[in-house]
Amino acid sequence: MRLQSPSMSELHAFVATARSGSFTRAAEQLCVTQGAISRAVARLEQHFGQPLLLRQAAGLVLTEAGRSLLQQVEAPLAQIERASAGLLQSAAAPTLALAVVPTLASVWLVPRLARFQLRHPQLRLRFVPYRKEEDFSGPAAPDAALLTGLGPAQWPQWQVDDVIGHEVVPVCHPQRLAARRWATPDALAAEPLLGHTSSPDNWAQWFAAVGVPGVEPVVATAFDQVSILVQAALADMGVALVQRCLVRAEVASGRLAVPFDLPVALPRGYYLCCLPAQADRPALVAFREWLLGEAAQDRARPLEGPAPIR
């Protein structure tokens, strides 16, 4: 069958000229010379055997045939261009779409991503909005998500990897620690305790883990984000119980103090989750291996800061 359609380059030249009303502006948009655009449109008119653009003193005007052609080819050309760009991007750099708990992303993950890019320069990470009730559905669904929860039992239908965030530590303003000089962990129960709304029993679990099971702590203020919980401790609103991995910078700088740095791990933590069908994707396999390695190194590090005041 003999093809009746002209070349793509000629159609792109015509559409760019028709939309801009100028050979010069069309050439700028397509990054070619004005002469190349003019010749492409002339070839197109010769192909169809009729004029598509009228050259008038006031500018270029579409003929009836030109308006008909523009109406029929503009949308398909744009769709072909989007599809081509997507395939080229996919071939050039495999992309992994991630959703991450905001505080973990900003405090812990993003500062480490340069190391991931050095190890895997061919991979691209694309962050999508975090949803507390992630179900991996919808057009904007991530390929994987770093979520907070209680582990595989909470998401039995998914592939789940335990990453970090189980180890918790009480922190407070250094002046509070200097003024109180608590001798034993049970003394913290008398302080305004700061907690997280999704983990209201964390303080009770911490007291039990450090050998004070009889304490019934009362949380004075609870927040729905760890970042706000940390800010409350910095503002000396009380003593906060937070994940060790999220307060390293504040402790190292001396802005927060640790009254009792005891090895306490709670069930709730951060988990890398994905649908089983996604688990073996090379990009996700590479990210998972790197992520778990980073988490293992972080857990092995002690909190480094000024010596506790006693």
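Would you be able to tell me the number of residues in segment 47-60 that are open to solvent by 60 Å² or more (accessible area, probe 1.4 Å) and either farther than 17 Å from residue 7 by Cβ or in contact with a helix residue (DSSP H, G or I) (Cβ under 6 Å, 6 or more places away or on another chain) (or both)?
Total meeting the criteria: 7.
Based on this model, can you work out whether residue 117 counts as over 28 Å from residue 277 (Cα atoms), open to solvent by 60 Å² or more (accessible area, probe 1.4 Å) and not in a strand (DSSP E or B)?
In short, no.
For segment 231-244, what are the residues that are assigned to a helix (DSSP H, G or I), touching a residue at least 60 places away in the same chain (Cβ under 8 Å) and open to solvent by less than 10 Å² (accessible area, probe 1.4 Å)?
If the condition is that a residue be assigned to a helix (DSSP H, G or I), touching a residue at least 60 places away in the same chain (Cβ under 8 Å) and open to solvent by less than 10 Å² (accessible area, probe 1.4 Å), then 233 is the only one that fits.
Residue under question is residue 44, and the condition is that it be surrounded by 15 or more Cβ atoms within 10 Å (Cβ to Cβ) and within 40 Å of the chain's Cα centre (by Cα); does it hold?
no
When you go through (1) open to solvent by 10 Å² or more (accessible area, probe 1.4 Å); (2) within 22 Å of the chain's Cα centre (by Cα) one by one for residue 247, which number turns out not to apply?
All conditions are met except number (1).
If you take the residues of segment 194-205 that are polar (S, T, N, Q), closer than 19 Å to residue 227 by Cβ and open to solvent by 50 Å² or more (accessible area, probe 1.4 Å), which of them is farthest from the chain's Cα centre (by Cα)?
Filtering first and then ranking leaves 197.
Are any residues in segment 79-95 at pLDDT 80 or above and either more than 22 Å from the chain's Cα centre (by Cα) or open to solvent by 60 Å² or more (accessible area, probe 1.4 Å) (or both), and if so, which ones?
Passing the criteria: 79, 80.
Restricting attention to segment 261-278, which residues are open to solvent by 10 Å² or more (accessible area, probe 1.4 Å) and farther than 24 Å from residue 202 by Cβ?
275, 276, 277, 278
Of all residues in segment 216-225, count the ones that are open to solvent by less than 60 Å² (accessible area, probe 1.4 Å), in contact with a Pro (Cβ under 9 Å, 6 or more places away or on another chain) and not hydroxyl-bearing (Ser, Thr, Tyr).
Of the residues in segment 216-225, 2 are open to solvent by less than 60 Å² (accessible area, probe 1.4 Å), in contact with a Pro (Cβ under 9 Å, 6 or more places away or on another chain) and not hydroxyl-bearing (Ser, Thr, Tyr).
Taking segment 1-19 as the search range and keeping residues that are of a type in the set (Ser, Thr, Tyr) and assigned to a helix (DSSP H, G or I), which one is most open to solvent (accessible area, probe 1.4 Å)?
So the residue we want is 9.
Quick one: residue 38 ticks every box in (1) open to solvent by 50 Å² or more (accessible area, probe 1.4 Å); (2) more than 18 Å from residue 75 (Cβ to Cβ); (3) not in a strand (DSSP E or B) bar one, so which box is it?
(1)
Conditions first: (1) of a type outside the set (A, V, I, L, M, F, W, C); (2) surrounded by fewer than 18 Cβ atoms within 10 Å (Cβ to Cβ); (3) within 30 Å of the chain's Cα centre (by Cα). Residue 191 passes all but one, so which condition is the exception?
(3)
Does segment 103-112 contain any residue that is in contact (Cβ under 8 Å) with a residue 40 or more places away in the chain, outside any helix (DSSP H, G or I), open to solvent by less than 70 Å² (accessible area, probe 1.4 Å) and of a type outside the set (Lys, Arg)?
No: zero hits.
The values are calculated or read from the model by the stated rules, or taken from the named source; none is laboratory data. The structure displayed is predicted, hence computed values, not measured ones. For neighbour counting, all protein chains shown are included, and Cβ atoms are generated from backbone atoms with ideal geometry for every residue, glycine included. Remember, those area values only see protein heavy atoms, side chains included, never the ligands or the DNA or RNA. Shrake-Rupley method; radii C 1.70, N 1.55, O 1.52, S 1.80 Å.
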